[in-house]
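The values are calculated or read from the model by the stated rules, or taken from the named source; none is laboratory data. All figures in this text were calculated on a predicted structure; none of them were measured in a lab. Cβ sites come from the backbone with ideal geometry, for glycine too, and all protein chains shown count toward neighbours. Calculation scope for accessible area: heavy atoms of the full protein, side chains included, ligands and nucleic acids excluded. Shrake-Rupley method; radii C 1.70, N 1.55, O 1.52, S 1.80 Å.
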Amino acid sequence: MSNNDIALIFDTAEYYSLQEACDYLNRKHKTNNITPKKLLKKISSRGINTFIHFRMDSYLDKPLQAKIEFYNSNVFSTDINIYDLSEKDLKPIVDTLKKLEKFVSNRIIDDLYMGSFLFTVSKETISNMTLSNDPDDKIFLFGLEGFIQRPNYTDDPSKPRQLAEWQITVEDKSYQLTDISYINFVIDSIDDKDLAKFAEKSPFSCSFNKRADFSFVEFNIKLSDIIILHNDLLSLEEESLNNKPIESKGKFESRKGVSYKKVLAKEIAKHVAEEQWLQDTENRIKIGEMCNIVWAKLIEYNLSEELPNHIDNLRPWIKEVSPSYASEAGRPKS
């Protein structure tokens, strides 16, 4: 066995940083031409999965949540059209989804403290990183597209095996998420002192998108933070060596999952508005006032996280059911 063969054995691992992946490929093919930036461009063009790894201490002053934005589940029956359900029928579905999301979020956070997960970096993030000239540039992380738990390196990140284990039971029925395709992290505070403490402990530089009573954590990552699995690296190597055609993509693919709570929030908004306008026999409630009524009702339904940034942005949600008299007159001409 040659020295190069021995070195290659020690360069081989289950996952790599991009620099380690380059070392492996350069040694294997007896070259020194492959760099992390060149490798990243190949990864991006061929849609190969990449990951980041981090853990957070469990002694954070304010709770951290995993907000699961897009997913599929078995909560909805395939033979039920939610658009035909009444507000009364929608409420238990909202409650079940809320319980399921909270349970899965808690399990993700528990494992986050243990540091056992690799989180999938979004394709948008990788694409932006390829355009950066400085390897130390910090690139905004557009959410996470799933995860795997070490050492389950062959799992599909959108359908990790943990989802089948993370079930809740409601009225003798078991519910679970069947896939996850978009995750963000949320801290239960908008206080600058709390957010500053979080930022100090964060493994990546971060900023915060504040909402009513919580803040989205917006991580920024560097080239050196990217991880690629050995099997994915081999797939990339094989495709490149065989000159496999690169699929042409004019735009990013849409999320695989559905923001069910957003759909439910919009349907409940329409039901609430329609019912209120039916009771408005004197034709007094304008659409702006109705937005305030609907806003309060959605908070009551524990759907505050699904609300748009501003009350006025509820108008498109309820415009479909608004009567003609609800339209507000424009400004008088000067």
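Descriptive notes on the structure:
- Accessible area, probe 1.4 Å, largest first, for residues R211, R55, R46: R55, R211, R46
- Dipole magnitude (debye, nearest 20) for region 1-144, charges at Cβ of Lys, Arg, Asp, Glu: 380 debye
- Other residues within the sphere of radius under 12 Å centred on the Cβ of H271, judged by their own Cβ, net out at -2 (K and R +1, D and E -1).
- Under a model in which nothing but the beta-carbon of Lys, Arg (+1) and Asp, Glu (-1) is charged, region 106-174 shows a dipole of about 120 debye around its Cα centre.
- Straight-distance crosslink candidates among lysines, where the alpha carbon sits under 19 Å from K28 and sequence neighbours closer than 8 are dropped: K37, K38, K42
- Taking every C-alpha pair closer than 8 Å and separated by at least 6 residues, the mean separation divided by the residue count of region 1-151 gives a relative contact order of 26 percent.
- Ordered from largest to smallest accessible area (heavy atoms of protein chains, 1.4 Å probe), the residues H230, H53 come out as H53, H230.
- Helix axis angle, 260-279 relative to the chain longest principal axis, alpha carbon, degrees: 10 degrees
- Zone of N309's modelled label, taken as backbone nitrogen in region 111-143 under 19 Å from a point 7 Å along Cα→Cβ: 140-143
- When the helices of the chain are scored as -39500 (n - 2.57) per DSSP H run of n ≥ 4 and the total is divided over every residue, the value at 222 nm lands at -12000 deg cm²/dmol.
- Taking all protein chains together and a 1.4 Å probe, the residues D172, D84 rank D172, D84 from largest to smallest accessible area.
- Area accessible to solvent at I109, 1.4 Å probe radius, in Å²: 10 Å²
- Only the Cβ atoms of Lys and Arg (+1) and of Asp and Glu (-1) were treated as charged; on that basis the dipole of region 192-231 about its Cα centre amounts to roughly 20 debye.
- Compared with the rule-of-thumb size 2.2 N^0.38 Å for a compact globular protein, region 147-215 has a Cα radius of gyration ratio of 1.52.
- With a simple spin-label model that places each label point 7 Å from the Cα along the Cα-to-Cβ direction, the separation between E200 and F10 comes to 4.1 nm.
- Debye intensity ratio in log₁₀ form over the Cα atoms of region 167-322, taken at each q of 0.13 Å⁻¹: -0.94
- Cross-link reach list, lysines versus K197, counting only Cα pairs under 23 Å and skipping chain neighbours closer than eight places: K62, K67, K138, K210, K222
- Based on protein heavy atoms only, region 1-144 ends up with 52 Å² per residue of surface accessible to a 1.4 Å probe.
- Theoretical gain in end-to-end length, S235 to N106 [0.36 nm per residue, Cα-Cα removed]: 43.1 nm
- Normalised by the number of residues in the chain, the mean separation of alpha-carbon contacts (under 8 Å, six or more apart) gives a relative contact order of 22 percent.
- Under 17 Å from K41, Cα to Cα: aspartates and glutamates that are on another chain or at least 8 residues apart: E20, D23, E124, D134, D136, D137, D225, D232, E237, E238, E239, E247
- Per residue, the Cα convex hull of region 25-114 amounts to 204 Å³.
- For T31, the accessible surface of its heavy atoms amounts to roughly 50 Å² (probe 1.4 Å, protein chains only, rounded to the nearest 10).
- Relative contact order, whole percent, for region 139-268 stands at 21, derived from Cα pairs under 8 Å and 6 or more residues apart.
- Within the accessible area of the chain, the carbon and sulfur atoms contribute 47%, probe 1.4 Å, all protein chains present.
- Considering only A164, V121, N72, and ranking their Cα positions along the charge dipole of region 54-173 that arises from unit charges at the beta-carbon of Lys, Arg, Asp and Glu, the one farthest toward the positive end is A164.
- Accessible surface area normalised per residue over region 192-238 is 46 Å², counting heavy atoms of protein chains with a 1.4 Å rolling probe.
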